[in-house]
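Comments concern the structure below.
No value in this document is a laboratory result; all are computed from the given coordinates. Note that the structure is a prediction, hence the values are computed from the model and not measured. Cβ placement follows ideal geometry from the backbone for every residue including glycine, while neighbour counts extend to all protein chains displayed.
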Amino acid sequence: MHRVGAPDPTAWGLHGSIHRLCPHIKCLMHVHSDYATVLASLADSTLLPIDQNTAMFFNRIVYDEQFGGLAFEEEGKRCAGMFGDPTKYVMVMGNHGVLVAGRTVAETFNRLYYFERAAGTYIRALQTGKPLRVLSDEIAEKTAVELENYPGQAERHMAEIKAILEEEGSNYSD
């Protein structure tokens, strides 16, 4: 931590603690994206299943309502304690952002991508002020399971992103 190129102390505190304490998590991504952060800033950050993308996360989110400041090691340990259930792979970090877990980079990125889309749909639906048409628990769970088991979705999504980057001349793989 005291050498050139050392990781950011908050990244080390959050990611390092979760990887040490939650062996079922192989990949972890954290962002302060617009819609996920707006959702995390609401008094009730619950993401209701109102469409296919929001249903993807039904019963798979941990809601952290105790923002504890920057994610140094103690905060990382606290967050890790909330990720004990391997069926919960998204943490809406109250007043902070979102943390997404997975078994592979492709799976984790796919979840992160669709979570931001889901949060965007949900926030825009709330902005209308009209009543939401919320899916039944049965249909929301069915949809979440179907998307989890959709063959090769995450890998194909990642392959398409790589193809676009390569076509644009990106050096992402260097």
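Note on segment 46-73: residues that are within 17 Å of Gly97 (Cα to Cα), polar (S, T, N, Q) and surrounded by 20 or more Cβ atoms within 10 Å (Cβ to Cβ) total 1.
For Ala11, state whether it is within 16 Å of the chain's Cα centre (by Cα), loosely packed, with under 14 Cβ neighbours inside 10 Å and part of a helix (DSSP H, G or I). Spelling it out, Ala11 is indeed within 16 Å of the chain's Cα centre (by Cα), loosely packed, with under 14 Cβ neighbours inside 10 Å and part of a helix (DSSP H, G or I). For segment 155-174, indicate whether the set of residues that are closer than 27 Å to Ser45 by Cα and out of contact with any His (no Cβ under 6 Å at 6 or more places or on another chain) is non-empty. No, there is no match, as no residue in segment 155-174 is closer than 27 Å to Ser45 by Cα and out of contact with any His (no Cβ under 6 Å at 6 or more places or on another chain).
Filtering segment 18-45 down to residues that are free of Cβ contacts under 8 Å to residues at least 40 places away in the same chain and not aliphatic (A, V, I, L, M), which residue is surrounded by the most Cβ atoms within 10 Å (Cβ to Cβ)? Filtering segment 18-45 for residues that are free of Cβ contacts under 8 Å to residues at least 40 places away in the same chain and not aliphatic (A, V, I, L, M), the one surrounded by the most Cβ atoms within 10 Å (Cβ to Cβ) comes out as His19.
Under 24 Å from Cys22 (Cα atoms) and free of Cβ contacts under 8 Å to residues at least 60 places away in the same chain, is that true of Asn59? So Asn59 fails the test. Might you check whether a residue that is surrounded by 13 or more Cβ atoms within 10 Å (Cβ to Cβ), among the β-branched types (Val, Ile, Thr), more than 24 Å from Ala40 (Cα to Cα) and in contact (Cβ under 8 Å) with a residue 60 or more places away in the chain occurs anywhere in segment 87-109? So far as segment 87-109 goes, yes, one or more of its residues are surrounded by 13 or more Cβ atoms within 10 Å (Cβ to Cβ), among the β-branched types (Val, Ile, Thr), more than 24 Å from Ala40 (Cα to Cα) and in contact (Cβ under 8 Å) with a residue 60 or more places away in the chain. Taken over segment 127-173, the criterion of being under 14 Å from Pro49 (Cβ atoms), under 20 Å from the mean Cα position of the chain (by Cα) and aliphatic (A, V, I, L, M) is satisfied by Ala140, Ala144, Val145, Leu147.
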